[in-house]
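Chemist: This is the structure I want to talk about, given as structure tokens.
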Amino acid sequence: MKISGKIKETRDQVKEWKKQGLTVGLVPTMGYLHEGHKSLMEAAKRENDKVVVSIFVNPIQFGPNEDFASYPRDLDKDAALCESIGVDLIFHPDTEEMYDPDFSAYVDMEGLTKELCGKSRPTHFRGVQTVVSKLFHIIPADRAYFGQKDAQQLAVIKKMVRDLSIDMEIVGCPIIREEDGLAKSSRNTYLNPEERQAALVLSRSLAEGKKAIEAGERQVSEIKRRISDVIGKEKLAKIDYVEIVDFSKIEPVADLGAAGGGEILCAIAVFIGKTRLIDNFIMKM
Ligand code: AMP
């Protein structure tokens, strides 16, 4: 397995593989890899001849008061995991390699990025789309793998690829959870033992919402109320948002009966102490 911090070296390697007729899968990450990332890498390994994992904590997707500086990093441990799965190349650039001092071109999108995380993180998806576009240009893979854990990001990247005619298949992968239900996240390391216990309220509240829908509830306000009530009972938790949207458009829906066979996304963001966690489920109506 190679590790490269350089754009040119990485691009040349991928081009060489393409020239040999090999297929390439890309898994973009910010590192501090866990079982969620592992599932993406394994899917990429199954479906492609070569696998590239990018590890880059992208400064431009963090807001000024967010956790860019404190975001956990451990390249040695990440490299060991990648090696054990049979990853062929890790692209691990530093900020200077990715962003010239006079960098000024961004990729952005109308709609889709305005709701959910876009409300509380107004520049986040511009940063995500810009870095993912750069990665797609540096690593012209056949397929790129993203987790449903970041469902809005998955919808945005799928639409970006369609709108900008980027020749890459976007593969969505299911959420991987701890045994007790907490969605795996690099940010879970911020939680102290009491907060870790409190964080179970995310998956528990979503289960309550899912149960209501399965029992026939169609009023979004009522489903949101039931989810919020569960979260409200946890004293360390503070709701950022509880929303139900049309998954392909990321637009609010009021009545699931009107969703017309499409997929709905029920997504929440909750502060547990100072740590903001997200979770969701997607349902075909
Ligand atoms: P990150 O390193 O947090 O930017 O995540 C990199 C990729 O891993 C994104 O596509 C995430 O959606 C995905 N991912 C993160 N956590 C999980 C999880 N628990 N299950 C599945 N995919 C995940």
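Chemist: In 10 Å bins starting at 0, how do the alpha-carbon pair distances of the range 1-149 split up by percent?
Modeler: 11, 40, 37, 13, 1
Chemist: So, for the range 96-173, what is the accessible surface per residue at a probe of 1.4 Å, expressed in square angstrom?
Modeler: With all protein chains present, the range 96-173 gives 46 Å² per residue.
Chemist: Turning to a different aspect of this structure: Just grab the label-to-label distance for Arg225 and Leu75, each label 7 Å out from Cα along the Cβ direction, in nm (one decimal).
Modeler: For Arg225 paired with Leu75, the spin-label model returns 5.4 nm.
Chemist: What does the charge dipole of the range 1-94 about its Cα centre add up to, to the nearest 20 debye, if the Cβ of each Lys and Arg holds +1 and the Cβ of each Asp and Glu holds -1?
Modeler: 440
Chemist: Once neighbouring chains are kept in place and the probe is 1.4 Å, which whole percent of the accessible area of the chain is contributed by carbon and sulfur?
Modeler: 49
Chemist: Highest first, please rank the peptides 94-104, 3-13 by the mean number of other Cβ atoms sitting within 10 Å of their residues.
Modeler: 3-13, 94-104
Chemist: For Met1 and Asp167, FRET efficiency with R0 = 25 Å and r from the beta-carbon atoms, rounded to 0.05?
Modeler: Given R0 = 25 Å and the Cβ-Cβ separation, E is 0.45.
Chemist: What pairs in Lys2/Lys45; Lys184/Lys210; Lys119/Lys224; Lys77/Lys274 have C-alpha atoms more than 24 Å from each other?
Modeler: The pairs that break the limit, which is 24 Å between Cα atoms, are Lys77/Lys274.
Chemist: Mind checking which of Gly181, Leu256, Tyr145 is farthest towards the positive end of the range 137-277's charge dipole, using Cβ charges of +1 (Lys, Arg) and -1 (Asp, Glu) about the Cα centre?
Modeler: Highest projection toward the positive end goes to Gly181.
Chemist: Picking from Thr23, Phe281, Phe136, whose Cα lies most toward the positive end of the charge dipole for the chain (charges on Cβ: Lys, Arg +1; Asp, Glu -1)?
Modeler: Comparing the listed Cα positions along the dipole, Phe281 ranks first.
Chemist: Can you tell me the order of 124-134, 192-202 when each peptide is scored by its average per-residue count of other Cβ atoms within 10 angstrom, highest first?
Modeler: Taking the mean over residues of other Cβ atoms within 10 Å, the ranking is 124-134, 192-202.
Chemist: Sticking with this one: If you average the C-alpha positions of the range 119-134 and of the range 1-49 separately, how far apart do those two centres end up, in angstrom?
Modeler: Answer, in whole Å: 22.
Chemist: While we're looking at this one, here's another question. Enter the accessible area per residue of the range 188-264 (Å², integer; probe 1.4 Å; all protein chains in place).
Modeler: 52
Chemist: Compute the separation of the alpha-carbon centres of the range 212-241 and the range 151-199 and state it in Å as a whole number.
Modeler: 21
Chemist: Another question about this same structure. Zone of Lys210 (label point 7 Å along Cα→Cβ, backbone N under 12 Å): which residues in the range 262-285?
Modeler: 266, 280-284
The values are calculated or read from the model by the stated rules, or taken from the named source; none is laboratory data. Fair warning: this is a prediction, and the values are worked out from it, not measured in the lab. FYI the Cβ positions are ideal-geometry reconstructions off the backbone, even for glycines, and counts take in every protein chain you see. SASA here: full protein model, heavy atoms, side chains in, ligands and nucleic acids out. Shrake-Rupley method; radii C 1.70, N 1.55, O 1.52, S 1.80 Å.
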